[in-house]
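So the structure is just underneath, and the comments pick up after that.
The values are calculated or read from the model by the stated rules, or taken from the named source; none is laboratory data. These numbers were taken from a predicted model, which means no experiment stands behind them. Neighbour counts run over all protein chains shown; Cβ positions are idealised from the backbone, glycine included. The protein model used for the area step is the full one, side chains on, heavy atoms only, and it has no ligands, DNA or RNA in it. Shrake-Rupley method; radii C 1.70, N 1.55, O 1.52, S 1.80 Å.
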Amino acid sequence: MSEYQYYEFRVVDRPLTSREMASLRAISSRARITSTSFVNTYNYGNFRGDPQALMEKYFDAFVYVANWGTHEFMLRLPKKTLGRAEYAPFCKGHCLRAWTEEEHVLLSFCAEELETDWEEGEGWMDSLLPLRADLLAGDLRPLYLGWLLAIQHEEVDDDHPEPPIPAGLHKLSEPLNSLAEFLDIDTDLLESAAEASADLEVASPPKDLLERWIAGLPEREKDALLLQVAAGENPHVRVDLLRRFQSTLPAAPTHALTAPRTAGQLGTAAEMRSRERARREQERQRLEREREVQQKAAERTKLLDALEKREEAAWAGLDNLINTKRPADYDRVVLLLVDLRDVAARGGRDASFQLRSRSILERHSGKPSFLRRLKEANLEVR
C-alpha cells in the first residue's frame, strides 16, 4: 500500500513575514506556502521539519493525517486566555498533551492506530480551526473530548475522577463533531459522558449589564484597550473583555449529577450503552425480517389467487413454451410449475398435479436440458 502523509499548518493571529516564509521554504522546496499557511503531502519519505517546533515558533494550528491510522491536531493559544488550571485536569497520556512556550500554551490531540479507510487530509483544518476561537472564548468541550479519547485508548486509570464536565456535550457544534470524527471518539462513550452535562447557555451577554460594566472600567484602561485595537497589537481584545465580564456573572451549572464519576464508570456505561444499542439493532433487524417474510407471503398469496383463476389456461400453455426449446422458456415453465404445484397443494389436489406433471414429462422426455431444470427445482414426478 502506498504511503500518505499530510501536513497543514495555519496562522490566525498574524500573517507570516517574508523572512519567515523563506525560512519555511528552506525546510521544504515542494510545500505550498502562503502568508497564512504551510501545506505539504508526502507519498514517500518524511517531512524534515519538527511540527512541534514549528508550532511553537510560527503557527496557531496544525493538522496531520497518515494513512496508517494517525491523526493529530495541534493548537497554540495565548497563555492568558487558557490557564493551567483550566487545561491540566483534561491532559492524560499521549491523546491530549499541553505544554507552554514563552507566551503561549500548546495543545496536541492525537489518535493512533485508527481503523480508517484511505483518507485525504485536505478539509480537516477548515472544519477544526474554529475550535481555537471556542477555546479562547472559554469553551472547554474540546479538552473534554481529548480526555474521553484518553479513556478510549486506556491511558486513564479506572479510578481516576472525571474532570469538570463542560455544558453542552449532548449537542455538539459542527467543529466539535468534526473533532470527535477526526479522533474517532466512541459514540457510546461520548453519549454516556453527555448524560451529566448541563445545557449550554448560548445567549449573548446582557447588553445593559455589559454596558454598565464597561462604563465602570478606568479611563486609562479603556484608552489602552482602544489603542491595542487600533494598532492591531492584540487580536484577542474582544475575547479578553468578554471573559472578564463573564467572570463577574453568576456561574452557570456545570454538572448535572450529584456524585462525580470515574474513568472506569464511564467506560462501563459506554459498554452497557453499546450492548443495548446492539440489542436494539438486532431486534430491529428481526422485526424487519419478519415484515419482509409477511410481505412476501402476502404477495405469494396474491399471485397464487390470480393463478388459480386461470389454472387450466396455464396448464394448456406449458407445451407451447417447452416446444420452443429456448432456455428462457424452460425457466418460465419451471417457475410456472412451482406455482401450479403450490396452487394444487393448498387445494388438496397434489395427486392431480402429479398426474398432469407426469404427462408433461412423458411428452418431453427427449429434452434433457428441460428435465435437468425440473430436477434442480425438485419437480421430479413421484
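Of note:
- Set of lysines with alpha-carbon distance to Lys375 below 24 Å, sequence-local pairs under 8 removed: Lys325, Lys367
- Ranking Trp99, Gly69, Tyr42 by Cα position along the charge dipole of the range 32-191, where only Lys, Arg, Asp and Glu carry charges on their C-beta atoms, puts Trp99 farthest toward the positive end.
- A Cβ-based charge dipole, computed about the Cα centre of the range 21-152 with Lys and Arg at +1 and Asp and Glu at -1, lands at about 500 debye.
- Mean residue ellipticity (222 nm) of the chain, computed from DSSP H runs ≥ 4 via -39,500 (n - 2.57), nearest 500: -16000 deg cm²/dmol
- With a Förster radius of 56 Å applied to the beta-carbon distance between Leu217 and Ala22, the computed FRET efficiency rounds to 0.85.
- Note on the chain: with a GNM built from Cα contacts shorter than 10 Å, the maximum mean-square fluctuation among Val12, Val293, Val63 falls on Val293.
- Between the range 152-179 and the range 62-134, the alpha-carbon center distance in angstrom: 14 Å
- FRET efficiency for Asp13 and Leu209, using Cβ-Cβ distance with R0 set to 41 Å, rounded to 0.05: 0.90
- Gaussian network model of the chain, Cα within-10 Å springs - most flexible of Gly347, Gly264, Gly138: Gly347
- Sequence-ordered 3J(HN,Hα) estimates for the range 71-76 from the Karplus curve with 6.51, -1.76 and 1.60 and θ = phi - 60° stand at 10, 9, 9, 10, 9, 10 Hz, glycine and proline given as x.
- Model label sites at His94 and Ser127, defined 7 Å from Cα along the beta-carbon direction, differ in position by 2.4 nm.
- At full extension, Glu271 and Glu112 could sit 55.1 nm farther apart than now, given 0.36 nm per residue minus the alpha carbon distance.
- Restricting the range 1-108 to chymotrypsin sites (Phe, Trp or Tyr not before Pro) that sit in a DSSP loop and have at most 10 other Cβ atoms within 10 Å of their own Cβ leaves Tyr44.
- Point-to-point label distance, Asp157-Leu241, nm (Cα→Cβ direction, 7 Å offset): 4.7 nm
- Legend: calculated FRET efficiency, His170 to Gln295, from the Cβ-Cβ distance at R0 = 45 Å, rounded to 0.05, equals 0.75.
- Computed about the Cα centre, the dipole magnitude for the range 264-382 is approximately 200 debye when only Lys and Arg (+1) and Asp and Glu (-1) carry charge, each at its Cβ.
- Extension gain for Glu308 to Arg349 (0.36 nm times residue separation, less C-alpha to C-alpha distance): 13.5 nm.
- Each of Lys375 and Asn46 was given a label point 7 Å from its Cα along the Cα-to-Cβ line. The distance between the two points is 6.6 nm.
- Of the trypsin sites (Lys or Arg not before Pro) in the range 18-58, those whose Cβ has at most 11 other Cβ within 10 Å and which sit in DSSP loop: Arg30, Arg48
- Computed about its Cα centre, the charge dipole of the chain is approximately 1900 debye, with only Lys, Arg, Asp and Glu carrying charge at their Cβ.
- Potential lengthening between Lys80 and Ala198 on full extension [0.36 nm per residue; Cα-Cα distance subtracted]: 39.9 nm
- Fluctuation leader among Thr268, Thr116, Thr70 - the chain, Gaussian network, Cα springs under 10 angstrom: Thr116
- Cα gyration tensor category, rounded, prolate or oblate, for the range 41-165 with a/c compared to 1.5: oblate
- Taking the protein heavy atoms of the chain in the context of the full set of protein chains, the accessible area attributed to carbon and sulfur is 51 percent at 1.4 Å.
- Rolling a 1.4 Å probe over the heavy atoms of the protein chains gives the chain an accessible area of 57 Å² per residue.
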